[in-house]
1. Mind checking which strands (runs of 3 or more DSSP E) fall wholly inside the range 255-364 and carry at least 2 residues that are closer than 19 Å to residue 244 by Cβ?
2. Looking at the range 416-432, I want the residues that are closer than 18 Å to residue 367 by Cβ and have a partner that is at pLDDT 90 or above and charged (D, E, K, R) with Cβ atoms under 6 Å, at least 6 apart or on another chain. Which pairs are those?
3. Considering only the range 173-204, how many residues are surrounded by 16 or more Cβ atoms within 10 Å (Cβ to Cβ) and in a loop (DSSP other than H, G, I, E, B)?
4. Kindly indicate the residue of the range 83-101 that is loosely packed, with under 15 Cβ neighbours inside 10 Å and either aromatic (Phe, Trp, Tyr) or assigned to a loop (DSSP other than H, G, I, E, B) (or both) and also nearest to the chain's Cα centre (by Cα) among those meeting that condition.
5. When you scan the range 370-392, how many residues do you find that are free of Cβ contacts under 8 Å to residues at least 40 places away in the same chain and not small (Gly, Ala, Ser)?
6. Between 414, 405, 419, 343, which is in contact with a helix residue (DSSP H, G or I) (Cβ under 7 Å, 6 or more places away or on another chain) and either crowded, with 20+ Cβ neighbours inside 10 Å or outside the structural domain of residue 278 (by TED's automatic domain parsing) (or both)?
7. Keeping to the range 157-172, report how many residues are assigned to a loop (DSSP other than H, G, I, E, B) and closer than 30 Å to residue 299 by Cα.
8. With the requirement that a residue be of a type in the set (Val, Ile, Thr), buried (at least 17 other Cβ atoms within 10 Å of the Cβ) and not in a strand (DSSP E or B), what does the range 240-254 give you?
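The values are calculated or read from the model by the stated rules, or taken from the named source; none is laboratory data. Please read these numbers as outputs of a predicted model, since none were measured by experiment. For neighbour counting, all protein chains shown are included, and Cβ atoms are generated from backbone atoms with ideal geometry for every residue, glycine included.
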Amino acid sequence: MTHFILRLISSCTLLVALASCVSFEGTITKELRGTQEALAASEEILVLIKVEQAASTTQNNRRPRTVTFSGIVLSEEGHLLAPFTMKPDAPDRVEAWIGEERYLARPVKAEPTLGMTILKIQPRTPLTPADFSSTGNLARGESAFTVVASDDANEFARFTFRAYCQGMIEGFYRQFSLSTIPRSARGAPLFNVDGEMVGIVTQNDAWVLDDLRPDIQSLLDGVMGEGEPPSGSDKVWFGAVVSPINTDYARDQGLPRSALWLVQVYEGTGAYEAGFRDGDLLVSLNGNPLRMSGNRTRQYFNQALRPHEGQTFEAEVLRDGKRFRGAGVLTKRPEPSTLQAEDLGITVSDINQVMETQLNLFETEGVMVTTLKRGSPAATGRQFGQSLLRRGDVITSLGGMDTPDLEAFSEALDSVRQDKPEAVLVEFKRGPMESIEALNLRIGNRNPLSESL
């Protein structure tokens, strides 16, 4: 009986050992396949970049210093993505090696937000650009592979490095937290075991490709003339006042902590036309959940929106416990009409719904003072350094005539000019306080009224 038990134990031990060998062999095979896939995927898109910094840009004007990075081919015409920012007029010498071919490169567009620069070379034959359409991912504990190129000193060999994903670092551009990876890999593509490009290596980790893709494409389109980089983004908007959800409230109510309340949605805007209304809880933009919490969520939303006129968006909100999805187009922020009254030394504007909310106005039946001219009647007060009127004051009456809007203010000002009094009474609201002042029209330059409606 004892002999039988010993044989059984021995057999079980052998089976466990065999199973372990099979598992180990499977792991080795998988890692080897990942290495081979990374080498194959990076063969034509990998770039070795050498930057010889000019003496004037190095400390104490010492001799030039050469730094080496990796890069990625973006276009057949020779646009390359480099992991640093360099102005187009920088005096540094930049070399780019693609395989065994060496080229002089020049920076054409730097993007500080990305911390990257697009370089341009003149290739002898069309290049093979990287495929950024991959939807591959990298889970915690999975292996990742990156490849670094070399020059003639190493016979143009390509070196593969394996790292493990240790998790995700949140931010506007998320990063895969990686185990140790060489500095020379900065700017190199990162691949998963299946050879799918999932990120771009940073100094220590790797940007998630899904987050970088839209901005890299927009940057490339701009330098290739296929699109203009977004401009005037401060004049384009979503069409709503947003406020971050309180994280304690979100936890108690089982709501996402990365979300924004739509405090007020303005009629005629992209958000309103998309079907969103006051009180909706915004949880997703363009298919991606909002990230972070508090004001960082608002900052992420504003950046992820990439606002320029005509840009389309899709968003998802929670309303009465149900999800609602809508799509719209970003529009210009409404600009109020203005009138420059040099007689008084002020510029005033109409008050629209947006100003009423954002400035928390106590009075909307009037015109707002937007600028003051130094030494004018409005800017000269009873005490030195204090003006009678201030920016943000809402004028409700001029010379005894009500001024509920810009047209009425213009008529009142014309009446004052016809009467030519030495002083004129101005009634206005400054916050919740009602005030009245007499402007001395003998002060300053009494030029004819200049209007701009």
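1. Values: elements: 260-265, 281-285, 312-319, 322-329, 338-341, 346-349.
Correct list: 260-265, 281-285, 312-319.
2. From residues that are closer than 18 Å to residue 367 by Cβ, the pairs are 426/437; 428/393; 430/393.
3. Qualifying residue count for the region: 11.
4. Looking at residues that are loosely packed, with under 15 Cβ neighbours inside 10 Å and either aromatic (Phe, Trp, Tyr) or assigned to a loop (DSSP other than H, G, I, E, B) (or both), I get 87.
5. Count: 9.
6. Values: 414 fails: in contact with a helix residue (DSSP H, G or I) (Cβ under 7 Å, 6 or more places away or on another chain); 405 fails: in contact with a helix residue (DSSP H, G or I) (Cβ under 7 Å, 6 or more places away or on another chain); 419 fails: in contact with a helix residue (DSSP H, G or I) (Cβ under 7 Å, 6 or more places away or on another chain).
So the residue among 414, 405, 419, 343 that is in contact with a helix residue (DSSP H, G or I) (Cβ under 7 Å, 6 or more places away or on another chain) and either crowded, with 20+ Cβ neighbours inside 10 Å or outside the structural domain of residue 278 (by TED's automatic domain parsing) (or both) is 343.
7. Residues in the range 157-172 being assigned to a loop (DSSP other than H, G, I, E, B) and closer than 30 Å to residue 299 by Cα: 3 in total.
8. Result: 245, single match.
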